[in-house]
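What follows is a short report on a single structure.
The values are calculated or read from the model by the stated rules, or taken from the named source; none is laboratory data. Predicted model, so just to flag it, every value in this text is computed and none were measured. Positions of Cβ are generated from backbone atoms using ideal geometry, with glycine treated the same way; all protein chains shown enter the neighbour counts. Please note that ligands, DNA and RNA were not included when accessible areas were found on the heavy atoms of the full protein model with its side chains. Shrake-Rupley method; radii C 1.70, N 1.55, O 1.52, S 1.80 Å.
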Amino acid sequence: MAKRLATEYVNAKLQLTATEMAGFIRLFEEQQIHLQVLVLDGGNQELVLEDVAGREEVRLTFERRQDYYVCVLSCRLVGPRLTNAMRKAVSAFRGNAIVNRIYSHYTMIYHYRNGSVMSIVEQTAAGERVVFECKDTALQLENVYRSRLIEREIGLINGAVNELLDLRNQATAAEEIGRIDERLADMTKKLFILEA
């Protein structure tokens with residue numbers, strides 16, 4: 001198995017409430033990452049995360065925006081402990097990020113949205129290849145369901161049009177034919193909309 005050389009976080013974004021911020025700090029403490037919390041002007045906070053064993057450090061600046069703490073960061077990590085702790089944090093706290101996991105001959109690019117991996121792309125000297133892409137299955141099923149409802153409605157309207165045409169063929173009074181023609185015109189508009 002290839003050894004990971006480094007992990008880069010590109011424009012990672014976390015948005016936390018005050019309660020989530022406490023949980024965020026707790027997560028790093030549980031991962032045995034040395035942590036310093038610095039309170040800055042305006043209620044902003046800076047977290048200094050340090051892997052003492054790997055002699056690696058990252059600073060996360062959280063700006064206070066209304067009821068949230070927002071952090072946008074780009075950093076490069078080498079040590080496994082801090083790297084794993086950051087991965088868990090992005091996932092657990094629904095972060096958005098592009099994460100480059102760099103190996104000697106290729107890079108795996110993970111796209112996170114709301115803490116979930118949406119796609120994984122392998123980048124080599126030969127080019128890029130999509131390894132994984134998240135499909136929105138619920139949305140696809142909903143679209144199929146809607147399309148079947150529309151098909152059923154089209155079928156019902158076609159049946160109603162056939163009945164109206166039969167009535168029109170049997171009608172003799174001009175007033176009755178006019179009413180039937182108006183209903184046929186309405187049905188035609190509905191069919192046009194549904195079939196579009």
Exercise for review: Return the sequence-ordered ³J(HN,Hα) values of the range 118-134 in whole Hz as given by the Karplus equation 6.51 cos²θ - 1.76 cosθ + 1.60 applied to θ = phi - 60°, using x for Gly and Pro.
Suggested key: 8, 7, 10, 10, 9, 10, 10, 4, 7, x, 10, 9, 6, 8, 8, 9, 6
Point to revise | the range 76-196: equivalent-ellipsoid semi-axes (sqrt of 5 x gyration tensor eigenvalues, Cα, Å) | key: 62, 15, 10
Exercise for review: Calculate the dipole size of the range 4-96 relative to its Cα centre from +1 charges on Lys and Arg beta carbons and -1 charges on Asp and Glu beta carbons; express the result in debye to the nearest 20.
Suggested key: 340 debye
Check your understanding: Which far-off residues, 5 or more places away or on another chain, put their amide H under 5 Å from the one on Tyr103, with H placed in the peptide plane?
Key -> Leu5, Met108
Revision key, fill the gap. Scoring the chain by relative contact order with C-alpha pairs under 8 Å, at least six apart, yields a percentage of 18 percent
Check your understanding: Based on Cβ point charges of +1 for Lys and Arg and -1 for Asp and Glu, what charge dipole magnitude is obtained for the chain about its Cα centre, in debye rounded to the nearest 20?
Key -> 820 debye
Exercise for review: Using the Karplus curve 6.51 cos²θ - 1.76 cosθ + 1.60 with θ = phi - 60°, work out ³J(HN,Hα) for each residue of the range 62-76 in order, rounded to whole Hz, and write x for Gly and Pro.
Suggested key: 9, 8, 7, 10, 6, 9, 10, 10, 10, 10, 10, 9, 9, 7, 10
Check your understanding: Using a Gaussian network for the chain with springs between C-alpha atoms less than 10 Å apart, which of these wobbles most: Ser147, Ser91, Ser119?
Key -> Ser147
Check your understanding: So, with a 1.4 angstrom probe, what is the percent of accessible area on the range 58-189 that is carbon and sulfur?
Key -> 50 percent
